[in-house]
Amino acid sequence: MSTFQNTLGKMTNYRWTICAMLFFATTVNYLDRQVLSLTWKDFIAPEFHWTDNDYGTITSIFSIIYAVSMLFAGRFIDWMGTKKGYLWAIGIWSLGACLHAVCGYATELWVGLDSSDALIAVEAGSAMALTIATVSVYFFIAARFVLALGEAGNFPAAIKVTAEYFPKKDRAYATSIFNAGATVGALAAPVTIPLLAKYFKEIGVGNGWEMAFIVIGALGFIWMGMWVFLYTDPRKSKHVNQAELEYIEQDKHEDGAAAVPQEGKEEKKMGFLQSFCYKQTWAFVFGKFMTDGVWWFFLFWTPAYISDVYGFSSDSPTAMLLIFVLYAITMLSIYGGKLPTIIINKTGMNPYAARMRAMLIFAFFPLLALFAQPLGNYSYWFPVIIIGIAGAAHQSWSANIFSTVGDMFPKSAIATVTGIGGMAGGVGSFLINKGSGMLFTYAAGTTMADGTEVEMTKELLQQGAQYARPAMEFMGFSGKPAGYFIIFCICAVAYLLGWIVMKALVPKYKPIVLD
């Protein structure tokens, strides 16, 4: 850095202002995503008679829509340009977040009831309750569709901006900073969203959860107003002086930077289908497929886990403290993006090799999830702390795997390839979320509260029970805790498997040069 300052004067640092905007956008992104997970169990499910399987269906379909949208969002960002593409993305997802608020009203109109109280009063297990659950699930899926469509653009756009404003050696650190917005969003959510829902419910504004979606969704429109005035390409920005521009573009001076176009020459474009012809793409795809679902499982199911296994509702002080501490631990991930820079400075490794070494280190921490459920027998703090550590490892892994795209692909293809990997991550998330919902419903069995088996009746058949059965047993756990233990085991080994395949596909640094 000192070389650029000495030769061209004092360097501006506008790139960190842009990084702050990416952080803000990612925070809003995860706040919007978390409203449902923090309100469904205690505010929404009683109104619409949802089961775990209903919630699992909604979250899994959100994941698959997000996945498919990611495939095209990256291409859209590359085509539209960073500034306009990002505006479209956050505008659509903010609208989608607000649309959730009308799902209750739409359900009332559809089933012919006049209030949320009337929905709640319907007899549990009746045909009307089943109709309410089914109709409301479809309306929420429609709202989640719009949300997923917009949210798919966040990471392709943010990674592209990072490649525009930061040299390769700093990109993982910059990515870890804006990616920490996911953690801050998850951190702020449990201490704001349930309280918002509770406040509006107490003052008689709907059932409370509706305004939580609207208030959080409105934050995205505020971001849009700021982005219009703050973002410009660094070559055109009046806030970026020559010293900072030279620092940003330092890679063009390095050996092997053939992927960086010379000034005055237009960079060659990579075709969409051409992107699939490289092992580098498939390494990124597999790494995202194996690991994104782990983070989304923790994000979507941890509040329900605390409620199901330990009996704390999402608006209780204990539950809010547990979630807050969990995501406070994940804030350690900011330093995860710095590790490759430290490795590069000490060993002289190329950026890709340094990132892969850092990712291997991070891949071992999720193994602690194997002990989350067993240690939970002693205190609920053990699984919360372990999930927090696994979450920090994921975010550190995520910052680095995103940066491998910028290491090896030309800038014109970064958003496209990021979107392809995001699609794979969304598919992984779909599988783990839908599978979790089905597993937890099955694991609970059809048993009475005192543990005695229910006799199969015509009424049970009408309620959708396939057969009466006791709670599932697994490794000394019974019911839903057994189901959670199985998923924790899958989450524990996902990163090591992902790293092994990535290393096999791309063992050494090999940037792609378009002829």
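Computed from the coordinates by the stated procedures, all read-outs in this text should not be read as laboratory data. Just so you know, these numbers come straight off a predicted model, no measurement behind them. Every residue, glycine among them, receives a Cβ derived from its backbone with ideal geometry; neighbour counts consider all protein chains shown.
Remarks
- Virtual spin-label span in nm between Met438 and Val493, 7 Å along Cα→Cβ: 2.0
- Two-site FRET efficiency, Tyr138 against Ser307, from Cβ-Cβ distance with R₀ of 22 Å, rounded to 0.05: 0.35
- Under 21 Å from Lys346, Cα to Cα: lysines that are on another chain or at least 8 residues apart: Lys168, Lys169, Lys338, Lys508
- Rounded to 10°, Cα long-axis angle of helix 317-330 versus longest principal axis of the chain: 20
- Between the range 417-437 and the range 162-183, the alpha-carbon center distance in angstrom: 22
- Net charge of the neighbourhood of Trp209, taken over other residues with C-beta under 15 Å away and scored Lys/Arg +1, Asp/Glu -1, is -3.
- Net charge, Gly336 excluded, C-beta distance under 15 Å - Lys, Arg +1, Asp, Glu -1: +3
- Environment charge of Glu151, counting only residues whose C-beta is closer than 11 Å and scoring Lys/Arg +1, Asp/Glu -1: +1
- A Förster radius of 51 Å, combined with the Cβ-Cβ distance separating Phe276 from Tyr199, puts the computed FRET efficiency at roughly 0.55.
- For the chain, the relative contact order comes to 26 percent (Cα pairs under 8 Å, sequence separation of at least 6).
- Here the gap between Leu360 and Gln242, fully extended at 0.36 nm per residue and compared with their Cα-Cα distance, gives a gain of 38.7 nm.
- Extension gain (nm, one decimal) between Tyr335 and Lys83, 0.36 nm per residue minus Cα-Cα: 87.9 nm
- Cα-based helix-to-principal-axis angle, 480-505 vs the chain, degrees rounded to 10: 20
- Estimated FRET transfer efficiency (Ala328, Val513; beta-carbon r; R0 51 Å; 0.05): 0.75
- With the highest mean first, a sort of the peptides 301-313, 194-206 on other beta-carbon atoms found within 10 angstrom per residue produces 301-313, 194-206.
- Contact order relative to length of the range 60-200, as percent, for alpha carbon pairs under 8 angstrom and 6 or more apart: 37
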